[in-house]
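Novice: Can you keep this structure in mind? I'll have questions shortly.
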Amino acid sequence: VTKPCDRKSEVAATLRFAGGLHIVSGRIVIEAELDTGAAARRLRTDINEVFGHPSELVIVNGSGIRRGTHYVVRVIKDGEALARQTGTLSLALRSLLDANNNAPPPEEAGRRTGINTVRFGVTTTAPK
């Protein structure tokens, strides 16, 4: 994939299906958990080259139910900006978080803001 628009779409789709939003100390952190090192390195490279945000790669050894190694790409510093750029976070949710200084219940966040569904962290449904 060489065109910037295709790379942006690929990153956005990967974050939606393999990633999630977390709110840590009032800041948004994005994580994507992938099964292969190649996919994790590609995501990390694309986040940096296309969106200009630094990320870290964590290798997690499997235990319990989940056997095998998996890879976590984490964007801490610019998580909110990346979430907005990829369409994962709406402006309305951020204003809600600022007003309440904590995360709204998932059903409220989905109904009020239309945040896209993510796998873990702030999980909501599409507005009805």
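Novice: Within region 62-80, which residues are modelled with pLDDT of 90 or more, surrounded by fewer than 19 Cβ atoms within 10 Å (Cβ to Cβ) and not charged (D, E, K, R)?
Specialist: Thr69, His70, Val72, Ile76
Novice: Which of the residues belonging to region 18-46 are surrounded by 15 or more Cβ atoms within 10 Å (Cβ to Cβ) and within 15 Å of Leu89 (Cβ to Cβ)?
Specialist: If the condition is that a residue be surrounded by 15 or more Cβ atoms within 10 Å (Cβ to Cβ) and within 15 Å of Leu89 (Cβ to Cβ), then Gly19, Gly20, Leu21, His22, Ile23, Ile28, Val29, Ile30, Glu31, Ala32 are the ones that fit.
Novice: Filter region 24-47 down to the residues that are part of a strand (DSSP E or B) and either farther than 11 Å from Gly79 by Cβ or touching a strand residue (DSSP E or B) at 6+ places or on another chain (Cβ under 7 Å) (or both) and list them by number.
Specialist: Ile28, Val29, Ile30, Glu31, Ala32, Glu33, Leu34
Novice: Return the only residue of Leu89, Leu96, Leu21 being assigned to a strand (DSSP E or B), at pLDDT below 95 and not acidic (Asp, Glu). So that I can check it myself, show each step before the final result.
Specialist: On the way: Leu89 fails: assigned to a strand (DSSP E or B); Leu96 fails: assigned to a strand (DSSP E or B).
Answer to the check: Leu21.
The values are calculated or read from the model by the stated rules, or taken from the named source; none is laboratory data. What you see is a predicted model; the values in this text were computed from it and never measured. In this analysis, Cβ positions are derived from the backbone assuming ideal geometry, glycine residues included, and neighbour counts consider all displayed protein chains.
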